[in-house]
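> Next up is a structure, given as structure tokens.
The values are calculated or read from the model by the stated rules, or taken from the named source; none is laboratory data. Note that the coordinates shown come from a computational prediction; the quantities given were computed from them, not determined experimentally. All Cβ positions, glycine included, derive from the backbone under ideal geometry; neighbour counts span all protein chains shown.
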Amino acid sequence: MARLSMTTLGFALAIISLLSAQPCVGQGTNAYNSLLALRASLETDETYGAVSTAIGVANLSMPIAMLANTTGVTILAPTNEAFGNLGAAVINCLANQPGLTLLSAVLRYHVIQGAFNATTILAAAPVSVPSVNGALLNLTKTGTSVFVNGVPVIDPDTAQLAGAYVVHGISSVLIPPGGLAAVQAYCSSAGCASSPCGAGGVCTPNPSGSYSYTCICSNGFLFNSGTCIPRSSEPYQTRF
């Protein structure tokens, strides 16, 4: 499998793109504002709401939009089901990590500098390209199907603005090399992996605390014995 630098890849794919004569869509549109609007509109989407929300939580909306406005950007968007397969405990842990470094690293692994549609990728594959995270992504193909690290692209070109951005839907969350071990180690040590706060609270890692986590309990719940319990279940509670 070829391994190309971003400069070489950009040059090669630019030629391929010209040869494929892709139609220009949205010329003259402000790519920065367009991508920000797209991310916001997808927050309630039944298929891609989770990744849109995660990008917002990790404060990556503007950096990605800036790439769209300069070099162009390709976003590999896991479906809501793909995020769900990570498990609520892991998602909760990543979303509450101070600094959000692990979540940011995972999300940046889904972003490629340069706007490459499915036709362009099919023409170039197999090829390894660097993600914005810095780690390589392996793009392969079988017939007309594209795969990223073996994960199928199930919704190619689901959103695009010519020269600015292309979004491809994928069926699994991509974890950068060594990332899974880092996530598991952090979330386990943080104490949130088992969702100790229950349905009535949000777990925040707090390694220096008595329980190695803090429960932020919702209205109607209170913290008791390491978890959030309904107020009506409070031991020795007197009800009037």
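> When you look at Ile112, is it assigned by TED's automatic domain parsing to the domain that holds Leu60, modelled with pLDDT of 95 or more and over 13 Å from the mean Cα position of the chain (by Cα), yes or no?
Criteria not met by Ile112.
> So Asn133 clears everything in (1) in contact with a strand residue (DSSP E or B) (Cβ under 6 Å, 6 or more places away or on another chain); (2) at pLDDT below 95 except one condition, right? Which one?
All conditions pass for Asn133, except number (1).
> For Thr71, are the conditions met, namely being touching a strand residue (DSSP E or B) at 6+ places or on another chain (Cβ under 8 Å), closer than 20 Å to Gln160 by Cβ, surrounded by 21 or more Cβ atoms within 10 Å (Cβ to Cβ) and modelled with pLDDT of 50 or more?
no
> Select from region 135-162 the residues that are farther than 20 Å from Thr79 by Cα and free of Cβ contacts under 8 Å to residues at least 12 places away in the same chain and list them in ascending order.
Thr142, Gly143, listed by residue number.
> Same structure, new question: Among the numbered criteria (1) assigned to a loop (DSSP other than H, G, I, E, B); (2) within 15 Å of the chain's Cα centre (by Cα), which one does Leu76 miss?
Only one criterion in (1) assigned to a loop (DSSP other than H, G, I, E, B); (2) within 15 Å of the chain's Cα centre (by Cα) is unmet by Leu76, namely (1).
> Continuing with the same structure: Within the bounds of region 147-160, is there any residue that is among the polar types (S, T, N, Q), on the phi > 0 side of the Ramachandran plot and in contact with a strand residue (DSSP E or B) (Cβ under 8 Å, 6 or more places away or on another chain)?
Looking through region 147-160, at least one residue is among the polar types (S, T, N, Q), on the phi > 0 side of the Ramachandran plot and in contact with a strand residue (DSSP E or B) (Cβ under 8 Å, 6 or more places away or on another chain).
> Next up: Is it fair to say Asn96 is in contact (Cβ under 8 Å) with a residue 24 or more places away in the chain, touching a helix residue (DSSP H, G or I) at 6+ places or on another chain (Cβ under 6 Å), crowded, with 19+ Cβ neighbours inside 10 Å and closer than 26 Å to Met66 by Cα?
Against the criterion (in contact (Cβ under 8 Å) with a residue 24 or more places away in the chain, touching a helix residue (DSSP H, G or I) at 6+ places or on another chain (Cβ under 6 Å), crowded, with 19+ Cβ neighbours inside 10 Å and closer than 26 Å to Met66 by Cα), Asn96 does not qualify.
> Listed residues Thr144, Thr140, Thr79; which is in contact with a Gly (Cβ under 9 Å, 6 or more places away or on another chain) and surrounded by fewer than 17 Cβ atoms within 10 Å (Cβ to Cβ)?
Thr140
> Which condition number in (1) crowded, with 18+ Cβ neighbours inside 10 Å; (2) closer than 22 Å to Ala182 by Cα is the one that Gly134 fails?
(1)
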